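Visitor: So that we are looking at the same thing, I have put the structure below in structure tokens.
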Amino acid sequence: MKYFLTLLLFCSLISCNNSDDDEILCTEVYIYGLNIMVFDSSNQQLIGDTATVTATDGNYSEELMFFTESFSGAGERAGDYIVTVTAEGYETYTTQTITLLEDECHVIPQSFNVQLIPN
């Protein structure tokens with residue numbers, strides 16, 4: 001009987017730790033959903049801030065910001081984006097639809113490279 005009571009007490013302690021009230025803790029970091037590097041397809045050189053990168057989701061449109069080597073945008077914004085990249089002396093590049101998802105806390109970022117073809 002003593003063994004049974006000890007087992008019952010142990011089992012009840014374990015079940016108390018499995019609460020459905022588990023809180024999700026999110027960071028306060030701002031996440032950009034799109035991160036794009038733009039290169040010259042003929043020499044693989046980074047084109048950089050001479051390009052313009054625009055992301056469009058329905059009626060929403062945003063020109064991505066250039067940081068060091070890449071363009072970033074769609075900050076904390078899930079959606080279905082079409083990205084257009086233009087630069088003087090290059091053919092315009094347009095992506096297929098890029099779907100950005102989100103979890104409980106942030107948008108889930110996507111990074112990719114674009115190769116622009118010189119005119």
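The values are calculated or read from the model by the stated rules, or taken from the named source; none is laboratory data. The structure presented is a predicted model; accordingly, all values stated were derived computationally and were not measured. Don't worry about glycine lacking a Cβ; one is built from the backbone with ideal geometry, like all the others, and counts go over all protein chains shown.
Visitor: When only residues in segment 51-76 that are among the charged types (D, E, K, R) and in a strand (DSSP E or B) count, which is surrounded by the most Cβ atoms within 10 Å (Cβ to Cβ)? Give the derivation first.
Guide: The first filter runs over segment 51-76 and keeps only residues among the charged types (D, E, K, R), leaving 57, 62-63, 69, 76.
Applying the additional criterion that residues be in a strand (DSSP E or B) yields 57, 62-63.
Working: 57: 19, 62: 16, 63: 11.
Step by step, filter segment 51-76, then rank; the result is 57.
Visitor: For residue 15, which of the numbered conditions (1) at pLDDT below 95; (2) over 30 Å from residue 117 (Cβ atoms); (3) surrounded by 12 or more Cβ atoms within 10 Å (Cβ to Cβ) fails to hold?
Guide: Only one criterion is unmet by residue 15, namely (3).
Visitor: Looking at 79, 89, which one is on the phi > 0 side of the Ramachandran plot, out of contact with any His (no Cβ under 6 Å at 6 or more places or on another chain), surrounded by fewer than 11 Cβ atoms within 10 Å (Cβ to Cβ) and among the small types (Gly, Ala, Ser)? I'd like the intermediate steps shown before the answer.
Guide: Numbers: 79 fails: surrounded by fewer than 11 Cβ atoms within 10 Å (Cβ to Cβ).
Result of the check over 79, 89: 89.
Visitor: Name the single residue that is surrounded by the most Cβ atoms within 10 Å (Cβ to Cβ) among those in segment 31-43 being farther than 21 Å from residue 101 by Cβ and in contact with a strand residue (DSSP E or B) (Cβ under 8 Å, 6 or more places away or on another chain).
Guide: At the first step, the residues of segment 31-43 found to be farther than 21 Å from residue 101 by Cβ are 37-43.
Next, only the ones that are in contact with a strand residue (DSSP E or B) (Cβ under 8 Å, 6 or more places away or on another chain) stay: 37-42.
Details: 37: 15, 38: 25, 39: 16, 40: 17, 41: 15, 42: 11.
If we take residues in segment 31-43 being farther than 21 Å from residue 101 by Cβ and in contact with a strand residue (DSSP E or B) (Cβ under 8 Å, 6 or more places away or on another chain), then 38 is surrounded by the most Cβ atoms within 10 Å (Cβ to Cβ).
Visitor: Of all residues in segment 98-119, which are under 19 Å from residue 30 (Cβ atoms) and touching a residue at least 24 places away in the same chain (Cβ under 8 Å)? Step through it out loud before you land on a result.
Guide: Pass one, segment 98-119, residues under 19 Å from residue 30 (Cβ atoms): 100-111.
Residues satisfying the conditions are 100, 102, 104, 105, 106, 107, 108, 109, 110, 111.
Visitor: How about segment 96-108: which of its residues are outside any strand (DSSP E or B), exposed (fewer than 15 other Cβ atoms within 10 Å of the Cβ) and within 16 Å of the chain's Cα centre (by Cα)? Give the steps one after another, and end with the answer.
Guide: First, pick out the residues of segment 96-108 that are outside any strand (DSSP E or B): 96-97, 101, 103-106, 108.
Checking which are exposed (fewer than 15 other Cβ atoms within 10 Å of the Cβ) leaves us with 96-97, 101, 103-105, 108.
Matches in segment 96-108: 97, 101, 103, 104, 105, 108.
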